[in-house]
Amino acid sequence: MTPRPARRARERERLRRLVVRAVRAGDGALHRWARGPYESTLAVVALVVLAAAAPVFAACAVFDWLFGGRVGASGESGTDAVPLLIAGAAIALFALGLLRLCRFERRITERQTLTALVLGSFAAVAAIAVAHLATGAVPPTALATAFAEAAATVTGTNSTTIPAADLGQKLDLGGGMLALRAAGQWLGGAAFIVVLVRVLPHLGVGGLDSDGGVATRSARRLAPRRAGTMGRLLLLYAALTVLVAVGYALAGMPLTQSGLHALTTASTGGFSTYADSLGHFDSAAIEWVAIFGMAAGGVSLPLMFLAIRRCDPARFIRSYEFRLYVTLIVFATVTVALWTRDDFGFGHLFGLEHFRKSLFAVVSVISTTGFEAASFIELSTGSQAILMVLMLIGGMSASMAGGFKVVRLLTLASYIGRELRRAIYPSLAERLRLGRSTISETTISRIVGELLLAALLLIPAAILLGASGLDIVGALSYAVSALSNVGPALSYVDPDLPGVVPAVGSTGHLAAVNWIGHLTAGLLMLLGRMSVTAAAVALSVAAYPLVAAVRHGRWRRRTHSPMSVR
C-alpha cells in the first residue's frame, strides 16, 4: 500500500488535534466555572445550552450588519442585529449567573442522562424562541408560534409560519434571523454528534453500523477517547458543509445563499430563504448539488469517516444498511418517475429532467431534509404514498437524518422472520444476526418499543392537527412529516386561509393551524429528533416526585387509620 505523504499526514493530524483541544478546553472551562453548592447535572446541561446561544446570536447579528440588506426580505440592513445582541446578552447573563451556583453530580444514572438530553433540547428551543420574539419574526403574544418555529430550527425540520410577499419571494425575515435559522439547524446536527458519542450508548436504540454492530460502538472505535471521536466526526461534518457550499457557489447560487443553504443541506434541515425552496433557482446544477448533499446527510457518519480515512470505498458496499438505503432510493425513484405523468410538470416521462425531479423528491424525503424542487402535491397519489413510507423510514443510523432509521427496518425484518419460523417450529432456538453481529433481545425489545410508542403518538397528534384546521390527509401526513423531521406534507392547503404562507400546498400546514396545532407540531418535531423513548424516560423522572408524594400520602393514611391501629 502506498504510504501517505508525511506533510499531508502532519496537516491532518494538526487539524485533528486542534479540534480535540477545543473540545477538551470547553469541557475543562465548564467544570471550572460550575462549582456551586447545588449539585444538579440536569440544571448544568440546560444552562450550558442557554449560555451557548449568546455567541451564536452575536455571529448572526454581525451577519445581519454585513449582508442583511441583500439577504433579508425587507431589503434593509441591521434590522435584527440589535435585538439579537440584547437577547443574547440577557440569556447569557441569566445562564452564567445560575450556572455559577451549580455543579455536576459525581454519578449520573441512565435516566438522568436521557432527561438531560430532553432538558437541553427544550433549553435550545427556549433560546431560539426568545430570538423570534425579540426580533419581531413572530408577534410578541404568539408564544405557541414561537415555540413551533424554534422547534423547527433546533430539530432541522423544514416547516415555518413565516410569510413571504408572494410565492417565489424571500421569507419575511431579516438577514440575522435567516442566518440564525440556518445556523440553528446546523448546530442542531453538531449537537446530535455529541449525543451520538455520549448519550446514545445509554439509550440502546441508536441502530447498527456498517458491519452489523451497534452504531455508537462503531463511533467509539474512531478514537480511544470520546473527545477524539467527537472531534473527528465534527471535522467530517464541517468538511461536508464546506463541500456543499462550494458546490452551490459553482452551480451559480449567490455566495451568501450558498453558505446558508449549505448549512441546512448538510444538517438535513431543509430551511430555505425562499418560500418555494430550491425550486426558486430553477437550476439543474443546484438541484444535483442538493441531491448529493442530502444523500450524504443520510449516510452514517462513522461509516463515512472510516471509508475516507482508510481509503476503502468498498466499506460502503459491505454495509447491509447502506445497500438497503441505496436500494430504497433507486426503487422509489423509478416508481415515482413511472407513476408521475407528464402533466404534473416534471417534464417528459423518459427525460433527464423528469428523472432528476423524481430523484430529488425521493432523496429529500428519505434523508428527511424537506427541500422541494417542485411541490409534492404535483406528484401522483401513488408517488405520495411512496414518499410517506420513506418519511417513516428515514436515513441510516448515526446520520444527520431523522425517521425510524433503515437499520431498524432490517432488524425488525429479521425479528419478524424469526417469529414466523417459530410459529412453524415452536421449539426453535435462534439468535438474531445482522451481518457478523448478533442482535441482543434487549436491543430488539427497545426498537420494537420505540416503534410502538411512535405509532401510538401519531394517532392523538393527527386528531389534534385535524381539530386545528387540517383535513384528515393533511393532519396524518403532517404528523408523520413532523415526527420524522421532514416538514412538507402531502395535501393541499387552501391559500385563502388566514395567515397561510403564500407557498401553499405541501408547505403551508404549520401556518394553517391554530396555537394547539403549533404546540402539537413543535412537540412532534422534538420527540422525533431526541427519541420518543428518551422523552418517556424524562417524563417519568419529572413525574417521580409527584408519584412518590401520592404513594407516601396513601401509606400514611393506611398506617394512621383506625383499622390499622386495631
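Among the protein heavy atoms, those of Ile308 account for about 100 Å² of accessible surface (1.4 Å probe, every chain in place). Gain on full extension, evaluated as 0.36 nm per residue between Leu352 and Val82 minus their Cα-Cα distance, stands at 92.4 nm. Binning the C-alpha pair distances of the range 391-431 at 5 Å intervals from 0 yields a P(r) profile of 6, 24, 20, 13, 12, 11, 9, 4, 0 %, listed from the shortest bin outward. Once both labels are positioned 7 Å from their Cα atoms along Cα-to-Cβ, the gap between Ala413 and Leu96 label points is 5.3 nm. A simple spin-label model places pseudo-atoms 7 Å from Cα toward Cβ; at Asp312 and Thr381 they are separated by 4.9 nm. For Leu456 and Phe104, the FRET efficiency from 1/(1 + (r/R0)^6), where r spans their Cβ atoms and R0 equals 45 Å, is about 0.80. Residues Arg35, Arg111, sorted by accessible area with the largest first, give Arg35, Arg111 [1.4 Å probe; ligands and nucleic acids excluded]. Rolling a 1.4 angstrom probe over the protein heavy atoms with all chains in place gives the range 249-325 an accessible area of 35 Å² per residue. For the pair Leu420 and Val473, a Förster radius of 45 Å applied to the C-beta separation gives a FRET efficiency near 0.85, rounded to the nearest 0.05. Entry note, the range 126-166: relative contact order of 34 percent, from Cα contacts under 8 Å with a spacing of 6+ residues.
Here His509 sits with roughly 0 square angstrom of accessible surface, probe radius 1.4 Å. A Förster distance of 60 Å, applied to the separation of the beta-carbon atoms of Trp515 and Ser427, puts the FRET efficiency at 0.60. Accessible surface of Arg309, taken over heavy atoms with a 1.4 Å probe and every protein chain present, rounds to 100 Å². Take every Cα pair under 8 Å whose residues are at least 6 apart in sequence, average their separation, divide by the length of the range 396-464, and the relative contact order is 24 percent.
The values are calculated or read from the model by the stated rules, or taken from the named source; none is laboratory data. Since the model is a prediction, treat every value here as computed from it, not as a measurement. Methodologically, a virtual Cβ is constructed for each residue, glycine included, from the backbone with ideal geometry; neighbour enumeration extends over all protein chains shown. Ligands, DNA and RNA are excluded from the accessible area calculation, which covers all protein heavy atoms including side chains. Shrake-Rupley method; radii C 1.70, N 1.55, O 1.52, S 1.80 Å.
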